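Undergrad: Take this structure first; my questions come after.
The values are calculated or read from the model by the stated rules, or taken from the named source; none is laboratory data. In this text the structure is predicted, and so the values were computed from the model without any measurement. Every residue, glycine as well, gets a Cβ built from its backbone with ideal geometry; the counts of neighbours run over all protein chains shown.
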Amino acid sequence: MSTDIITFKAGSPMASTLRMDRMPHIWCPGCGIGSEVNSFAEAVKRSGIDPKKLVVVSGIGCTGRVAGYVNFDSMHTTHGRAIPVATGIKLANPELTVVVFSGEGDLAGIGGNHLIHAARRNMDLVVICNNNFTYGMTGGQVTPTTPGSAMASTTPYGNYEYPFSLPFLMDAAGATYIARWTSMHSRNVTQSIEEALLRKGFSFIEIISPCPTLYLRRNRLGDGVDQLQNYQDNSILKHGCDTRETAIDFQGKIVIGKFVEKNKPTYLEASDKCAVKLVGDDYQLYGKTIPEREAEEKAEKEKIAARRAAMAEEEAQEEAASHKVSVSAPAVKEVLAKAAKKAAAKAKPVRKAVAKAKTRPVKKTVAKAQPKKAASKAPAKKVVVKAAKKAAPKKTSKLNKTRK
Ligand SMILES: Cc1ncc(C[n+]2csc(CCOP(=O)(O)OP(=O)(O)O)c2C)c(N)n1
Ligand code: SF4
Ligand SMILES: [Mg+2]
């Protein structure tokens with residue numbers, strides 16, 4: 001590997017959360033998985049949890065490769081078995097935060113039974129499901145979420161099966177936190193993952209995502225960017241929405257938001273309670289009584305809160321420092337002053353036109369079109385833009401002349 005690439009990798013802002021020695025990754029251009037991993041890494045950082053106490057488990061598939069790229073303890077398990085492995089890890093060491101990151105085929109197809117039972121038990125896991133409506137890694141077969149009529153390699157005349165709506169399935173099974181976003185909603189994805197990392201119980205986050213290579217191409221839906229535009233145009237934000245209303249039709253509306261957030265005892269809490277009933281307060285799990293474990297948990301929460309507070313303080317200081325530097329450093333000041341002078345000289349004719357437009361015709365238009373109180377800024381803007389455009393061609397033609 002050339003030194004340039006090594007330096008580039010080491011300097012990446014993702015160097016602490018991704019295994020840079022495994023880069024470049026296998027994901028196709030325009031695939032949504034990469035941006036989801038980015039959101040996940042950001043959420044881990046923002047949450048303040050100890051990365052040494054985090055485990056990521058994936059099944060098989062393109063999404064299943066996530067476990068191999070993140071710089072945390074991780075396991076790439078067999079197809080559909082991410083949830084049982086994650087459950088085992090959580091039960092063996094309840095202090096760990098366990099995240100399952102996998103595809104909808106892996107989680108709701110071959111692993112569907114594990115998914116519903118982990119939700120039913122309120123197992124303390126965060127499940128991130130990349131839903132691209134296809135078995136990406138194996139050539140684009142139909143999955144349990146492929147919308148009706150969509151083409152897949154196994155449904156060449158269009159899908160005639162009834163798809164799952166995963167939020168509805170998870171709600172019916174008992175999940176205590178359910179959210180859905182698309183891979184275009186990176187900030188919301190980060191926020192949901194952060195929330196899920198900091199809560200107890202079974203959290204399910206679905207991310208609708210483009211697979212340009214197998215799903216979009218076969219369905220003639222353009223590339224990844226076209227699909228992000230479709231998400232932008234067709235997403236409907238409905239926090240708390242009844243999950244029965246979250247079905248997705250082929251290229252239809254996509255209801256997004258946080259649908260469910262409720263508390264009930266987790267699997268471990270319920271099993272503790274049962275054990276205490278049987279053997280009394282002396283009951284121990286891995287050599288610790290319940291009050292001892294609770295005290296440890298409280299101490300960990302305090303550490304997390306302290307890390308979050310320190311991060312917030314650091315961010316605030318950075319913000320303040322950036323303002324200070326731009327005002328006080330003399331060299332920067334000089335450069336800014338020069339730039340401002342230059343810009344002012346260049347902008348003169350346009351400014352004049354804008355000023356003219358502002359003083360006369362704008363007022364007239366507003367006065368004619370609307371009563372005084374309701375005068376909107378919109379018509380004024382139009383006139384200003386027109387005036388600016390009038391002035392602009394002069395500038396462009398000069399420029400063209402000099403180029404010639
Ligand atoms: C037991 C078993 N059956 C089938 C496969 C083949 N297989 C590998 S990945 C995959 C589909 C994965 O689809 P999904 O979970 O949606 O992930 P994506 O590739 O779309 O991210 C299948 C069927 C396998 N590896 N093991
Ligand atoms: S085949 Fe599809 S899901 Fe797999 S990496 Fe490529 S675009 Fe992503
Ligand atoms: Mg898939």
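Undergrad: Could you please give the count of residues in the stretch 63-75 that are surrounded by fewer than 17 Cβ atoms within 10 Å (Cβ to Cβ) and either under 11 Å from His25 (Cα atoms) or within 16 Å of ligand 3 (Cβ to nearest atom) (or both)?
TA: Going through the stretch 63-75 one residue at a time, the tally reaches 1.
Undergrad: Right, next: With the condition kept exactly as written, say whether any residue in the stretch 247-256 is outside the structural domain of Asn93 (by TED's automatic domain parsing) and in contact with a strand residue (DSSP E or B) (Cβ under 8 Å, 6 or more places away or on another chain).
TA: no
Undergrad: Further, regarding this structure: Filter the stretch 225-261 down to residues that are among the aromatic types (Phe, Trp, Tyr) and surrounded by 18 or more Cβ atoms within 10 Å (Cβ to Cβ) and give me whichever is nearest to Ser186 (Cα to Cα).
TA: Tyr231
Undergrad: Still on this structure: One residue is enough: does the stretch 121-133 have a residue meeting the conditions within 15 Å of ligand 1 (Cβ to nearest atom), in contact (Cβ under 8 Å) with a residue 24 or more places away in the chain, over 16 Å from Ile254 (Cβ atoms) and not in a helix (DSSP H, G or I)?
TA: So far as the stretch 121-133 goes, yes, one or more of its residues are within 15 Å of ligand 1 (Cβ to nearest atom), in contact (Cβ under 8 Å) with a residue 24 or more places away in the chain, over 16 Å from Ile254 (Cβ atoms) and not in a helix (DSSP H, G or I).
Undergrad: If you don't mind, there's one more thing I want to ask. Which ones in the stretch 277-302 are among the aliphatic types (A, V, I, L, M), part of a helix (DSSP H, G or I) and touching a residue at least 12 places away in the same chain (Cβ under 8 Å)?
TA: Ile290
Undergrad: Quickly run through the stretch 1-37 and pick out the residues that are at pLDDT 95 or above and part of a helix (DSSP H, G or I).
TA: Ile33, Gly34, Ser35, Glu36, Val37
Undergrad: Here is a follow-up. Those residues that are assigned to a loop (DSSP other than H, G, I, E, B) and out of contact with any Ser or Thr (no Cβ under 8 Å at 6 or more places or on another chain), I need them from the stretch 254-265; list them, please.
TA: Residue satisfying the conditions is Pro265 alone.
Undergrad: Quick check on Gly103: is it closer than 24 Å to Met14 by Cα and within 13 Å of ligand 2 (Cβ to nearest atom)?
TA: It is true that Gly103 is closer than 24 Å to Met14 by Cα and within 13 Å of ligand 2 (Cβ to nearest atom).
Undergrad: Same structure, new question: Confirm whether Arg65 is among the basic types (Lys, Arg), closer than 26 Å to Thr138 by Cα and either out of contact with any Pro (no Cβ under 6 Å at 6 or more places or on another chain) or not in a loop (DSSP other than H, G, I, E, B) (or both).
TA: yes
Undergrad: For the stretch 250-270, name all the residues that are touching a Phe, Trp or Tyr at 6+ places or on another chain (Cβ under 9 Å) and free of Cβ contacts under 8 Å to residues at least 24 places away in the same chain.
TA: If the condition is that a residue be touching a Phe, Trp or Tyr at 6+ places or on another chain (Cβ under 9 Å) and free of Cβ contacts under 8 Å to residues at least 24 places away in the same chain, then no residue fits.
Undergrad: Further, regarding this structure: Condition test on Lys273, is it touching a residue at least 12 places away in the same chain (Cβ under 8 Å) and surrounded by 12 or more Cβ atoms within 10 Å (Cβ to Cβ)?
TA: Answer is no for this residue.
Yes or no, residue by residue, for (1) of a type in the set (D, E, K, R); (2) within 21 Å of Ile208 (Cβ to Cβ):
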residue	(1), (2)
Val37	no, yes
Gly61	no, yes
Arg65	yes, yes
His76	no, no
Ala82	no, yes
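Undergrad: Only one of Thr138, Thr145 is touching a Phe, Trp or Tyr at 6+ places or on another chain (Cβ under 8 Å), within 10 Å of ligand 3 (Cβ to nearest atom) and farther than 19 Å from Ser192 by Cα. Can you tell me which?
TA: One residue alone meets the criteria, Thr145.
Undergrad: Something else: What are the residues in the stretch 121-175 that are closer than 16 Å to Leu107 by Cβ, of a type in the set (Phe, Trp, Tyr) and more than 15 Å from ligand 2 (Cβ to nearest atom), if any?
TA: Within the stretch 121-175, Phe164, Phe168 meet the criteria.
Undergrad: Which one of these is over 22 Å from Gly111 (Cα atoms) and within 16 Å of ligand 3 (Cβ to nearest atom): Arg217, Arg199, Arg187?
TA: Unique residue meeting the criteria: Arg217.
Undergrad: Considering only residues that are closer than 25 Å to Tyr231 by Cβ and among the β-branched types (Val, Ile, Thr), look in the stretch 18-55 and name the one that is nearest to ligand 1 (Cβ to nearest atom).
TA: Across the stretch 18-55, the extreme among qualifying residues is Ile33.
Undergrad: Also: Find the residue count for the stretch 240-257, including only residues that are more than 19 Å from Pro144 (Cα to Cα) and more than 16 Å from the chain's Cα centre (by Cα).
TA: Residues that pass the stated criteria total 3.
Undergrad: Restricting to the stretch 147-172, and then to whatever is of a type in the set (Gly, Ala, Ser) and surrounded by fewer than 17 Cβ atoms within 10 Å (Cβ to Cβ), can you tell me which residue is nearest to Pro212 (Cα to Cα)?
TA: Checked the stretch 147-172; the qualifying residue nearest to Pro212 (Cα to Cα) is Ser153.
Undergrad: Consider Gly109 carefully, then state whether it is free of Cβ contacts under 8 Å to residues at least 40 places away in the same chain and within 16 Å of ligand 3 (Cβ to nearest atom).
TA: Answer is yes for this residue.
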